[in-house]
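S.K.: Just passing along the structure, written as structure tokens.
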Amino acid sequence: MEHFDVAIVGYGPAGAALAHLLGQCGVKTLVLDRESAAYHLPRAVHFDAEVMRVLQWIGIAEDMEPKTALHPGMRFVDGTGKLLLDWPRPQGKGPMGWRANYRFHQPDLEKLLRESLVDRSEVTVRTRCDVFNVEDKGDSVELRYEDMSCGKVSRISAKYVVGCDGARSL
């Protein structure tokens, strides 16, 4: 049975970013995702300077920034036009060296995260793998998953497992 330090279930932005950070620290990491490719529509549309700092640490901030738009804030009105909420957002760079708010297209971010992850030798990514069992063994965790490309059931062990697979998470 293969053993990893960390198994990440889910390969969206959170799982991919975590895999990058763990890989940079030399942590042997496995990413499992049930889908074969990134979802083509955005689900997240905003991030802040702290996220941009994470992207900077990963090494993709300079590639991501031109793909973002300034987020001026939002005004919520009712059907008659009466103002319900005015939510202006700070403009300009803050103390972290990045703007406080960014609008973005999630598939752009996922593409950058995935393309740059191939350079991290400590990280193994397996798509079309549906995790169906997680068992705590005390000092490790055992995961069983189906490789949906061939129907083969496999199991791995890891010191830790992190669920980054969203609302349908096991």
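S.K.: Identify all residues within region 134-143 that are assigned to a strand (DSSP E or B) and open to solvent by less than 90 Å² (accessible area, probe 1.4 Å); write none if there are none.
M.R.: 134, 135, 141, 142, 143, listed by residue number.
S.K.: Starting from region 99-113, keep only residues that are in contact (Cβ under 8 Å) with a residue 24 or more places away in the chain and among the basic types (Lys, Arg), then list their pairs with residues that are assigned to a helix (DSSP H, G or I) and open to solvent by 30 Å² or more (accessible area, probe 1.4 Å) whose Cβ atoms are within a distance under 7 Å, requiring at least 6 positions of separation or different chains.
M.R.: As it stands, the answer is none, since no pair meets every condition given.
S.K.: How many residues does region 60-74 contain that are more than 10 Å from residue 101 (Cα to Cα) and either at pLDDT 95 or above or of a type in the set (Ser, Thr, Tyr) (or both)?
M.R.: Initially, region 60-74 is screened for residues more than 10 Å from residue 101 (Cα to Cα), giving 60-67, 74.
Adding the requirement that they be either at pLDDT 95 or above or of a type in the set (Ser, Thr, Tyr) (or both) leaves 60-67.
Residues that pass the stated criteria total 8.
S.K.: Okay, moving on. Quick check on my filter: what residues within region 159-170 are in a helix (DSSP H, G or I) and in contact with a helix residue (DSSP H, G or I) (Cβ under 9 Å, 6 or more places away or on another chain)?
M.R.: Scanning region 159-170 gives a single hit, 166.
S.K.: May I pose another question? If you go through region 96-119 one residue at a time, how many are open to solvent by less than 50 Å² (accessible area, probe 1.4 Å) and of a type in the set (Lys, Arg)?
M.R.: Residues flagged as open to solvent by less than 50 Å² (accessible area, probe 1.4 Å) and of a type in the set (Lys, Arg) within region 96-119 amount to 2.
S.K.: When region 39-69 is examined, which residues are found to be in contact with a Lys or Arg (Cβ under 7 Å, 6 or more places away or on another chain) and open to solvent by 40 Å² or more (accessible area, probe 1.4 Å)?
M.R.: 45, 46, 69
S.K.: Is there a residue being of a type outside the set (Asp, Glu), at pLDDT below 95 and outside any strand (DSSP E or B) anywhere in region 125-133?
M.R.: no
S.K.: If residue 156 satisfies every condition in (1) assigned to a strand (DSSP E or B); (2) under 18 Å from residue 37 (Cβ atoms) but one, which is the exception?
M.R.: That leaves (2) as the condition not met.
S.K.: Okay, moving on. If you go through region 145-159, how many residues are touching a Phe, Trp or Tyr at 6+ places or on another chain (Cβ under 9 Å) and either touching a residue at least 24 places away in the same chain (Cβ under 8 Å) or surrounded by 14 or more Cβ atoms within 10 Å (Cβ to Cβ) (or both)?
M.R.: Within region 145-159, residues that are touching a Phe, Trp or Tyr at 6+ places or on another chain (Cβ under 9 Å) and either touching a residue at least 24 places away in the same chain (Cβ under 8 Å) or surrounded by 14 or more Cβ atoms within 10 Å (Cβ to Cβ) (or both) number 8.
S.K.: Sticking with this one: If we keep just the residues of region 80-90 that are in a loop (DSSP other than H, G, I, E, B) and open to solvent by 90 Å² or more (accessible area, probe 1.4 Å), which is nearest to residue 57 (Cα to Cα)?
M.R.: 82
The values are calculated or read from the model by the stated rules, or taken from the named source; none is laboratory data. All values reported here derive from a predicted model rather than from experimental measurement. Cβ: placed from backbone, ideal geometry, glycine included. Neighbour counts: every protein chain shown. Quick note on the areas: whole protein, heavy atoms, side chains included, nothing else; ligands and nucleic acids left out. Shrake-Rupley method; radii C 1.70, N 1.55, O 1.52, S 1.80 Å.
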